[in-house]
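The values are calculated or read from the model by the stated rules, or taken from the named source; none is laboratory data. Note that this is a predicted model, so its numbers are computed, not measured. Positions of Cβ are backbone-derived with ideal geometry, glycine not excepted, and every protein chain shown enters the neighbour counts. Each accessible area value is taken on the protein alone, full model and side chains, heavy atoms only, with ligands, DNA and RNA left out. Shrake-Rupley method; radii C 1.70, N 1.55, O 1.52, S 1.80 Å.
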Amino acid sequence: MESLLRFCGGECDFLTFAKNDQKISYAASFGVSIIPEKKEIEYAEYLKSFKSISVREHQGAIIVKKLSGRDATVVLDPTLLLDEEDWMKVEKKSLCRPKGKYIFVYALGDKTDRFEEKIKQLKEKYEIFDVRSVQKNGKELPIGPSEFLYLIRNAEEVLTDSFHATVFSIIFHKKFVTFNRPGLNMNSRIESLAELTGAKNRLTECGDLNCETEINYVNVDRILEEERRKSFDFLKDALTD
């Protein structure tokens, strides 16, 4: 249930085809900070029909409480349930990779001026590897999910506007900067992740492009391990009650 605001056939994100005692949401995301007023009553009824509800950001829990009066558990995004060692078993060495040290760039939207400025700064020292622009003879080169992991883990730094590229940067203990994406407000999920990991200085709207404050990844790993335990406990309880 990636986003409760997206509908397939109108209602399937709310599992209207299932019995109430079968409905469990794991790490659901509303994708917005405020639900349109005209949808509040409808969503409230859907939410009340769930056996167990978990969301991936604190704002989502606030929305659930406001609409349905129910408490939603805040859990980790599924990608964070695995640690670095687990993901290294999935990664695959990319045939399309720079020979020297590089900056991994992954932008799903148009790059902001701050994004371009940071690229310009780092271009003087490193090769810029923009994964969405890697082509040969006009064709995109084979970089799949496994290669994506490898390229992030071996980069000197990651520049992105992607939530999950940010997630993997944290998992692999990378230096990174996450930029806002024009036309899309991901602040809630990004801010929840930043608050959890103490990485707010890596969000450019919160800090200085030249900020070199290091993330305490020893502390981050400790926090994530505890949050994994809580997330698995939610699933066990939801599936066994």
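Any residue at all in region 146-161 that is out of contact with any Phe, Trp or Tyr (no Cβ under 9 Å at 6 or more places or on another chain), modelled with pLDDT under 90, of a type outside the set (S, T, N, Q) and over 10 Å from VAL105 (Cα atoms)? No, the conditions are met nowhere in region 146-161. When ILE41 is tested against the conditions (1) farther than 18 Å from LEU235 by Cβ; (2) in a strand (DSSP E or B), the lone failure is (2). Take the conditions within 30 Å of ARG229 (Cα to Cα), touching a Leu at 6+ places or on another chain (Cβ under 6 Å) and hydrophobic (A, V, I, L, M, F, W, C) and apply them to PHE104. Does it pass? Considered against the rule, which asks whether it is within 30 Å of ARG229 (Cα to Cα), touching a Leu at 6+ places or on another chain (Cβ under 6 Å) and hydrophobic (A, V, I, L, M, F, W, C), PHE104 comes out as no. Exactly one residue out of ALA61, ALA72, ALA27, ALA107 is modelled with pLDDT of 90 or more, in contact with a Pro (Cβ under 7 Å, 6 or more places away or on another chain) and among the small types (Gly, Ala, Ser): that is ALA27.
Quick check on LYS66: is it open to solvent by 90 Å² or more (accessible area, probe 1.4 Å), under 30 Å from LYS48 (Cα atoms) and either part of a strand (DSSP E or B) or modelled with pLDDT under 95 (or both)? Can you show your working first?
Values: open to solvent by 90 Å² or more (accessible area, probe 1.4 Å): yes; under 30 Å from LYS48 (Cα atoms): yes; either part of a strand (DSSP E or B) or modelled with pLDDT under 95 (or both): yes.
Taking the combined requirement at face value, the residue satisfies it.
Residue pairs whose Cβ atoms lie under 6 Å apart, separated by 6 or more positions or on different chains, with the first residue in region 204-230 and of a type in the set (A, V, I, L, M, F, W, C) and the second at pLDDT 60 or above, are CYS206/LYS200; LEU209/LYS118; CYS211/ASN201; ILE215/ALA199; VAL220/THR197. Considering every residue within region 130-138, establish whether at least one is touching a Ser or Thr at 6+ places or on another chain (Cβ under 9 Å), open to solvent by less than 60 Å² (accessible area, probe 1.4 Å) and either modelled with pLDDT under 80 or not in a helix (DSSP H, G or I) (or both). No. Could you please let me know if LEU76 is hydrophobic (A, V, I, L, M, F, W, C) and surrounded by fewer than 18 Cβ atoms within 10 Å (Cβ to Cβ)? Here the answer is no, as LEU76 does not meet what is asked.
Within region 40-56, track down each residue that is out of contact with any strand residue (DSSP E or B) (no Cβ under 7 Å at 6 or more places or on another chain) and either open to solvent by less than 60 Å² (accessible area, probe 1.4 Å) or among the hydrophobic types (A, V, I, L, M, F, W, C) (or both). Lay out the reasoning, then the answer.
Let us first name the residues in region 40-56 that are out of contact with any strand residue (DSSP E or B) (no Cβ under 7 Å at 6 or more places or on another chain), namely 40-46, 48-49.
The answer is GLU40, ILE41, TYR43, ALA44, TYR46, SER49.
Condition check ((1) under 19 Å from PHE168 (Cα atoms); (2) within 20 Å of the chain's Cα centre (by Cα); (3) among the aromatic types (Phe, Trp, Tyr)) across all residues:
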residue	(1), (2), (3)
SER68	no, no, no
LEU80	yes, yes, no
GLU84	yes, yes, no
LEU95	no, no, no
PRO98	no, no, no
LYS101	yes, no, no
VAL134	no, no, no
